[in-house]
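Below is one structure, written out as C-alpha cells, with a few remarks after it.
Values quoted throughout were computed directly from the atomic coordinates according to the rules given, and no laboratory measurement underlies them. Because the structure is predicted, anything quoted here is derived from the model rather than measured. Reconstructed Cβ throughout: ideal geometry from the backbone, glycine too, with neighbour counts over all protein chains shown.
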Amino acid sequence: MGPYRAAALIALALNGTLPAAGQQPGWHYSPLPGEGDRASMGCARGSDLDDFTCLAVRCEQDFTTGIHVYSSRPQGDRGSWEMTLDRETRTLSATPDETPYGARLDDVDGWLLDGLRHGTFVYLRHSDDMEGAFAFIDLSGSFRSIAEALQWCAPRVPRSDKAGAEPASNNGDIQ
C-alpha cells in the first residue's frame, strides 16, 4: 500500500465512512464492550456504521448459550423477528436483557443455533417492518467462529477426588 492509499484510508476512517468492526458483514468476534471472545457476531451483507443487522451467539454468565439480535432499527430490537434459515421460515420473539445487544432471541428448541452453526444463509427482518427488505447474513465461517466463542461456556469445576478414581502413581511405567 502506497502512501497515497494509506492517506486516503485514514481520511475515510476519520470521516466516519468506513464501517466499524462491529458492523462489518461476516462472522467475527463481537467488539462490543465487555464481550471479548465470549461472543461471535455475524452481520448482514452491506452493513455499515449507520445501517446494520447482526446476530450474536454468546456464552452467557450462567454458561448457557444465548442468541441475540443487534441492529440499527430505530424502534429497537424487541418483538418478533421473521427468519428464513436455509429455506425454513420461523418467527422468533426477542426479549430485552442486560447484554450490550438489542434483545435475546427465544430459541427454545435450538433450531436457530443449529442452523447458524451448520447452515448456509439466514434472512431476517422485524415483524413490524414487513414492507422492508430482509437482511441477508451469510453463514460462511460461522461454525468455527461460534465454536471458538462457546468454548468459554464449559463451566470450570475444581478437581475432586472421587471414590475409585485414584491417580496412577507409576504413570504406566510398571507393567
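Between Ala147 and Thr64, the modelled labels are 2.5 nm apart [label points 7 Å from Cα along Cα→Cβ]. In a DSSP loop and with at most 11 other Cβ atoms within 10 Å, the trypsin sites (Lys or Arg not before Pro) in region 56-99 are Arg87. Look at the Cα gyration tensor of region 31-146: its axes a ≥ b ≥ c give a/c under 1.5, and that counts as rounded.
Once you order the gyration tensor axes a ≥ b ≥ c over the Cα atoms, which shape class does region 34-93 get: rounded for a/c under 1.5, otherwise prolate or oblate by comparing a/b with b/c? Since a/c reaches 1.5 but b/c is at least a/b, the shape of region 34-93 is classed as oblate.
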